[in-house]
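Here is the structure we will look at, set down as structure tokens.
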Amino acid sequence: MRRILFADVWSSMALVFSLLGLVFGVVGAALTISLIAAFVGVPFLGLGIIFLGAGIAVLVWRYQTAQRIVELLEQGEATLGEVLGVQQNFQIRVNGRYPWTVAYRYEVNGEQYSGQVTTLSRPDLSQQPGGPIYVLHMKDDPAQNTIYPSPYGYYGV
């Protein structure tokens, strides 16, 4: 679970926003209490509350997503799928690295499904467009899926 959260771009950004919110909130509260600088403290406090609230909400969302991925890795049913694309997003940079997205599709009981995984870890060399990929999905809900091997377990550069 920890590896999944540390490799997740959203979790990293949410942690930064939460920390900024905490700092802004504490500074804003201190400035607001010292009535002399209240006109500066109130906006700081407001930004702190917004940043902290948004950061915590995203962290909760990503934690729940990580729980589902762990459940998929433990209990998921494997099927063979196809890699649609592997792309690096150069518009976002987290800890000096650009996130990767692996898009894929697969079929369960004659119905087509697709998914994508975004991670800071470099995708495995076997995960190239047009190539085969194993997809783990829940037996009762094939729309819940992830790829195997999971890119969250890699320590690529």
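The values are calculated or read from the model by the stated rules, or taken from the named source; none is laboratory data. Note that the structure is a prediction, hence the values are computed from the model and not measured. Glycine gets a Cβ as well: all are built from the backbone with ideal geometry, and neighbour counts include every protein chain shown.
Structure above, values below:
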| quantity | calculated |
| --- | --- |
| Matching entry among R93, R105 (being surrounded by fewer than 18 Cβ atoms within 10 Å (Cβ to Cβ), in the same structural domain as I147 (by TED's automatic domain parsing), within 29 Å of P129 (Cα to Cα) and modelled with pLDDT of 95 or more) | R105 |
| Conditions (1) touching a Phe, Trp or Tyr at 6+ places or on another chain (Cβ under 7 Å); (2) more than 30 Å from G21 (Cβ to Cβ); (3) at pLDDT 90 or above: number failed by R122 | (3) |
| Counted residues, the stretch 122-154 - those being in contact with a strand residue (DSSP E or B) (Cβ under 7 Å, 6 or more places away or on another chain) and outside any strand (DSSP E or B) | 13 |
| Answer from L31, L5 - the residue that is touching a Gly at 6+ places or on another chain (Cβ under 7 Å), surrounded by 15 or more Cβ atoms within 10 Å (Cβ to Cβ) and either over 23 Å from A57 (Cβ atoms) or not charged (D, E, K, R) (or both) | L31 |
| Only listed residue being touching a Ser or Thr at 6+ places or on another chain (Cβ under 8 Å), in contact (Cβ under 8 Å) with a residue 24 or more places away in the chain and assigned to a helix (DSSP H, G or I), chosen from G48, G41, G55, G25 | G55 |
| L59 vs. criteria hydrophobic (A, V, I, L, M, F, W, C) and touching a Lys or Arg at 6+ places or on another chain (Cβ under 8 Å) | no |
| Selection from the stretch 34-86 of residues that are surrounded by fewer than 17 Cβ atoms within 10 Å (Cβ to Cβ) and farther than 27 Å from V9 by Cα | S34, L35, I36, A37, A38, F39, V40, V42, P43 |
| Residue under evaluation A14, criteria (1) outside the structural domain of G131 (by TED's automatic domain parsing); (2) touching a strand residue (DSSP E or B) at 6+ places or on another chain (Cβ under 6 Å), criterion not met | (2) |
